[in-house]
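Accompanying notes for the structure given below.
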Amino acid sequence: MTEQSVSSSQPFRLPRFYMPYKARLNPHLDEARAHSTGWARRMGMLEGSGVWEQSDLDAHDYGLLCAYTHPDCDGPALSLITDWYVWVFFFDDHFLDMFKRTNDRAAGKAHLDRLPLFMPMHVEDPADPAAPVPEPENPVEAGLADLWRRTVPAMSMDWRRRFAESTEHLLNESMWELSNIDEGRISNPVEYIEMRRKVGGAPWSAGLVEYATAEVPACVAGSRPLRVLMETFSDAVHLRNDLFSYEREVRDEGELSNGVLVLETFFGCTTQEAAEAVNDVLTSRLHQFEHTASTEVPVLAADKGLTPDQLAAVAAYTRGLQDWQSGGHEWHLRSSRYMNKEAAPADPLRFGGPTGLGTGAADVKALLDAVGAERLRAYRHVPYQKVGPSLIPEIPMPFQVRLNGGLEGARARLVAWAHRMGILSEGVWDEDRLAAADLALCAAGLDPDGPPEALDLGAQWLAWGTYADDYYPLVFGHRHDMASARLCTERLSACMPVEGEAAPVPVNAMERGLTDLWLRTTGDMSPDLRRTLRGTVEVMTESWLWELANRIQHRIPDPVDYLEMRRATFGSDLTMCLCRLGHGPAVPPEVYRSGPFRSLENAATDYAMLVNDVFSYQKEIEYEGEIHNAILVVQNFFGIDYPTALRIVQDLLTQRMEQFEHVVAHELPVLYEDFGLDREARAAIEGHVEQLRNWTAGIVNWHRHVDRYRAGHLASRTHGFVPDRIPAAPVRSLSALPFAWRVPVPVSEPSRPE
């Protein structure tokens, strides 16, 4: 499809959408339409608001949206949900007219700062709220106050906190869009996906799905499977909206936050090609939703011991998200708000479709088209392909690397520590592999000014994390042994006591090393700081289970899921936590949670991990049979060759570094003003920025100088285990530990250091 073939009335022809769920219509549609019209008028959103007239509300038909997206709830619930959607769309148009078009950032921030006041947590009786709210000054405030009073008495405190947080993200991240308009800046793809989740509102919509179906049990609400269900739902909703709203947002309103525009700019392609690429990502996100629902949620339910009622609630919520997908698509096809001329019908693929005689080859082709070539490619990768030496493109590095003067001493002490912990005696590493990794060199770049004790601690944390990351795929992945891997992960968590509880006696090198590092790192910490640090280690160790599951399923991950989980497998949460420990109380916790600060750290992390994927490509693909590498993920998703995928990854890591510098130059000064930070807090953040500069520069320098990625070293180490030593099959009970050892046997899969 070329631009010339697109109708002159539209910037591109809408692609064929993948939609495996059938849309259904709530029978209480007319009731919701009538109620929401009266409610909007009472809140002052129609005549006289300067934003909407009755004709606008009728044309948008939010009652139809909610009747399609919540097909099973009763009339009063549908009316309340419809009021919420009238409010959120009015907020969006009001913010556009009042602040985006005028570029009035100060007034926009003042407007947003008041809105959380209308969402008090403790509201038991709608007629007599426990927490007073200010007098509303505009229709947005009036609507929010009314909706909150009517909604939260039926929901738990856990839901209230989660819904209030997603509402605040939806509101506050509008400032990010306003800042980009003011700067004329188009975000990079990774940044866009992350920020769109907040400003796009789909996580907020997921909260209303809970209201309409069943509340997610608090014990699993924050788990990876439930988070992925919500995020894949959100990404698909937002990207679909971007396709339908491109004409209105980009051409009519000058909006820069649109996925089609983002990919059009990133790839330098035509609008039609960008639209097709957005649809490919949308489809992949729906595939990830289905994969998570069918593989990860059942395991979570078993691990947490969910009751039948809790299982039913998760199932109802999952079905509610599916209903929203199909219903939202139907509404976009009908609403006058969007570009929907000549839209092709969604693929009607359903389980239990026509089979047997008469389906024919054409039906098989339709089935394959609906499933998608990308989905099939994810399972068809042939491991251990010869790819030759890794191609190393130009790597942008604007910061000067500095090395700690105590490097040589740290190298010698790291070898001695590794021997004491048993890291070099379990068959996974020997001194040759430790020397090839040269993790003291990495630590010397990350901490160029630290004393010897800090340098040693940093090098040993790096060695422990790299060794453990090698151990999981080598021992558990080789045997497809998820049960032992889960047991191991639980044991590692127990090696990090928070409030003086007894820790297990270490039985292997991973436990011995973590116990030693934990005691030396957390000796002077408060329980809260220990709990935070332990959480970051657990994020890393649990992400290794995600890698094992993909390996066992022989499934190359979805690109978005890969990039986000790669931060965890790379240990970025642990790294950032260790960097922040020196800040003390000078920096308020809410600053760390802010959009600019998270954007800063994520950009640095993504840059570093993509650099690692570039250098480790041959090692991982040719020698280790690995599937977790950004270049391979891009190759698989687009069906392209290695050099082409490498150029895309190079462009992405370059833009992540550019974003890091953009945040430092433009967003941090605004952050300082927004939070009213004093000189001490600003100095702490500037110090953190310098740490991140040292970190990225040190990592690039380390990759350029170590042997572990060089073709010669790889060719000399084609086996996975160290000669003469191989771990036995791990036992499955705590009482049977420690691990036993046996004589070597042939091994076909080598290990995967980062």
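The values are calculated or read from the model by the stated rules, or taken from the named source; none is laboratory data. None of the values given here were measured: they were computed from a predicted structure. For neighbour counting, all protein chains shown are included, and Cβ atoms are generated from backbone atoms with ideal geometry for every residue, glycine included. Accessible surface is based on the protein model in full, side chains and every heavy atom, while ligands, DNA and RNA are left aside. Shrake-Rupley method; radii C 1.70, N 1.55, O 1.52, S 1.80 Å.
At-a-glance table
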quantity: Conditions (1) crowded, with 16+ Cβ neighbours inside 10 Å; (2) touching a residue at least 12 places away in the same chain (Cβ under 8 Å); number of the one not met by L529; calculated: (1)
quantity: A608 under 30 Å from F675 (Cα atoms), under 16 Å from the mean Cα position of the chain (by Cα), of a type in the set (A, V, I, L, M) and in a helix (DSSP H, G or I); calculated: no
quantity: Contacts under 7 angstrom Cβ, first residue in segment 608-626 being farther than 18 Å from N636 by Cβ, partner hydroxyl-bearing (S, T, Y) and open to solvent by 10 Å² or more (accessible area, probe 1.4 Å), 6 or more apart; calculated: F615/S390; F615/Y709; K619/Y709; Y623/T718
quantity: Looking only at segment 201-223, and only at residues there that are within 15 Å of the chain's Cα centre (by Cα) and surrounded by 20 or more Cβ atoms within 10 Å (Cβ to Cβ), the one that is nearest to V278 (Cα to Cα); calculated: A202
quantity: Residue check, E667 open to solvent by less than 40 Å² (accessible area, probe 1.4 Å), of a type in the set (D, E) and assigned to a helix (DSSP H, G or I); calculated: yes
quantity: Which listed residue is at pLDDT 90 or above and within 23 Å of A77 (Cα to Cα), from T232, T167, T213, T265; calculated: T213
quantity: Subset of segment 123-139 [under 22 Å from P217 (Cα atoms) and either modelled with pLDDT of 95 or more or crowded, with 16+ Cβ neighbours inside 10 Å (or both)]; calculated: V123
quantity: Members of segment 38-65 found to be open to solvent by 30 Å² or more (accessible area, probe 1.4 Å), over 24 Å from F99 (Cβ atoms) and touching a Leu at 6+ places or on another chain (Cβ under 8 Å), listed by number; calculated: Q54
quantity: Identity of the residue in segment 507-521, surrounded by 19 or more Cβ atoms within 10 Å (Cβ to Cβ) and of a type outside the set (A, V, I, L, M, F, W, C), that ends up nearest to W544 (Cα to Cα); calculated: E511
quantity: Tally of residues being within 18 Å of I81 (Cα to Cα) and more than 36 Å from the chain's Cα centre (by Cα) across segment 34-52; calculated: 8
quantity: Number of positions in segment 409-463 that are over 27 Å from P473 (Cα atoms) and more than 34 Å from the chain's Cα centre (by Cα); calculated: 7
quantity: Conditions (1) at pLDDT below 90; (2) open to solvent by 70 Å² or more (accessible area, probe 1.4 Å): number failed by G356; calculated: (2)
quantity: Test: residue in segment 551-567 that is of a type in the set (D, E, K, R), more than 18 Å from the chain's Cα centre (by Cα) and surrounded by fewer than 22 Cβ atoms within 10 Å (Cβ to Cβ); calculated: yes
quantity: Long-range neighbours under 6 Å by Cβ, at least six apart or interchain, first residue within 14 Å of G320 (Cα to Cα) within segment 68-88, second surrounded by fewer than 21 Cβ atoms within 10 Å (Cβ to Cβ) and basic (K, R); calculated: P71/R24
quantity: Some residue of segment 279-294 being open to solvent by 40 Å² or more (accessible area, probe 1.4 Å) and out of contact with any strand residue (DSSP E or B) (no Cβ under 8 Å at 6 or more places or on another chain); calculated: yes
quantity: Test: residue in segment 396-413 that is part of a loop (DSSP other than H, G, I, E, B) and aromatic (F, W, Y); calculated: yes
quantity: Verdict on M576 being surrounded by 19 or more Cβ atoms within 10 Å (Cβ to Cβ), at pLDDT below 90, within 18 Å of the chain's Cα centre (by Cα) and not β-branched (V, I, T); calculated: yes
quantity: Residue satisfying all of: in segment 259-271; polar (S, T, N, Q) and farther than 9 Å from I186 by Cβ; surrounded by the most Cβ atoms within 10 Å (Cβ to Cβ) among these; calculated: T271
quantity: Count of segment 477-503 residues which are closer than 19 Å to M421 by Cα and in contact (Cβ under 8 Å) with a residue 40 or more places away in the chain; calculated: 6
quantity: Looking only at segment 582-621, and only at residues there that are under 26 Å from M525 (Cα atoms) and of a type in the set (D, E), the one that is modelled with the highest pLDDT; calculated: E601
quantity: Of residues in segment 627-653 being under 18 Å from the mean Cα position of the chain (by Cα) and assigned to a loop (DSSP other than H, G, I, E, B), the one nearest to L263 (Cα to Cα); calculated: N629
quantity: Residues that are of a type outside the set (A, V, I, L, M) and closer than 29 Å to K386 by Cβ, drawn from segment 565-619; calculated: R566, T569, F570, D606, Y607, N612, D613, F615, S616, Y617, Q618, K619
quantity: Test: E620 is among the charged types (D, E, K, R) and open to solvent by 10 Å² or more (accessible area, probe 1.4 Å); calculated: no
quantity: So S257, is it among the polar types (S, T, N, Q), touching an Asp or Glu at 6+ places or on another chain (Cβ under 8 Å) and more than 25 Å from W546 (Cβ to Cβ); calculated: yes
quantity: Qualifying residue in segment 565-588 (condition: of a type outside the set (D, E), out of contact with any helix residue (DSSP H, G or I) (no Cβ under 8 Å at 6 or more places or on another chain), assigned to a loop (DSSP other than H, G, I, E, B) and on the phi < 0 side of the Ramachandran plot); calculated: no
quantity: Of all residues making up segment 136-159, the number that are closer than 19 Å to G48 by Cβ and either out of contact with any Phe, Trp or Tyr (no Cβ under 7 Å at 6 or more places or on another chain) or part of a loop (DSSP other than H, G, I, E, B) (or both); calculated: 5
quantity: Leading residue by the ranking (surrounded by the fewest Cβ atoms within 10 Å (Cβ to Cβ)) among those in segment 140-167 that are under 29 Å from the mean Cα position of the chain (by Cα) and among the charged types (D, E, K, R); calculated: R161
quantity: Residue within segment 691-708 that is open to solvent by 30 Å² or more (accessible area, probe 1.4 Å), under 24 Å from R593 (Cβ atoms) and at pLDDT below 95 present; calculated: yes
